[in-house]
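Reading through the structure tokens given below for one structure.
Bear in mind these aren't lab numbers, they're just calculated from the coordinates by the rules spelled out. Note that the structure is predicted; figures quoted are calculated from it, not measured. So basically every Cβ, Gly included, is an ideal-geometry build from the backbone, and we count neighbours across all protein chains shown.
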Amino acid sequence: MLYRIAEPADWQHAQQTGAFASPDLVQEGFIHCSELHQVLETARRYYAHRSDLWLLELDEAALAAAGVRVEREWVESRQQHFAHAFGPIPLAAVRRVWQFGTNAAGEAALPAGL
């Protein structure tokens with residue numbers, strides 16, 4: 001499974017259109033995704049002090065079946081490979097969704113059961 005921290009407006013738009021897309025798809029040509037072990041650091045770096053977010057769990061096999069190419073690319077600033085989805089993510093590939101955010105100290109916790 002892959003994970004994406006989603007802005008409320010982007011997730012709401014996905015509910016209306018049937019596919020999730022975020023500004024990075026337009027700006028960079030892909031949607032940034034994380035492996036489970038990368039989610040909390042991503043939240044700390046880019047979404048500190050936000051309590052209004054969503055965490056999407058993405059089925060990589062469903063993405064492939066829908067024709068959405070996923071590649072893992074080296075991110076120098078993090079010294080890790082990160083998954084990038086090269087296209088809108090159909091809602092059929094979103095397996096679970098949780099409300100997500102960080103506390104006043106900018107720390108996040110994974111949802112229970114994950």
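What the table below lists for this structure:
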item: Long-range HN-HN contacts of Gly101 with modeled amide H, under 5 Å; result: Ala109
item: For region 28-114: rounded, prolate or oblate by the Cα gyration tensor [a/c cutoff 1.5]; result: oblate
item: Ser77 paired with Glu28, simple spin-label distance in nm, labels 7 Å along Cα-to-beta-carbon; result: 0.8
item: Formal net charge of residues neighbouring Phe82 (Cβ-Cβ distance under 14 Å; K, R +1; D, E -1); result: -4
item: Within-11-Å neighbourhood charge of Asp24 [Cβ basis; K, R +1; D, E -1]; result: -2
item: Magnitude of the charge dipole, the chain, Cβ model with Lys/Arg +1 and Asp/Glu -1, debye to 20; result: 160
item: Helix-only [θ]222 nm of the chain, DSSP H runs n ≥ 4, -39500 (n - 2.57) each, per residue, nearest 500; result: -7000 deg cm²/dmol
item: Descending semi-axes in whole angstrom, ellipsoid equivalent of region 13-53, from the Cα gyration tensor; result: 21, 14, 11
item: Relative contact order computed over the chain (Cα-Cα under 8 Å; 6+ residues apart), in percent; result: 36
item: Region 28-40 - phi-based ³J(HN,Hα) in whole Hz, Karplus 6.51/-1.76/1.60, Gly and Pro as x; result: 10, x, 7, 9, 5, 10, 10, 7, 4, 5, 9, 4, 5
item: Sum of side-chain charges, Leu53 neighbourhood, beta-carbon under 13 Å (Lys, Arg +1; Asp, Glu -1); result: 0
item: Calculated FRET efficiency for the pair Glu60/Val97, C-beta based, R₀ 25 Å, to 0.05; result: 0.95
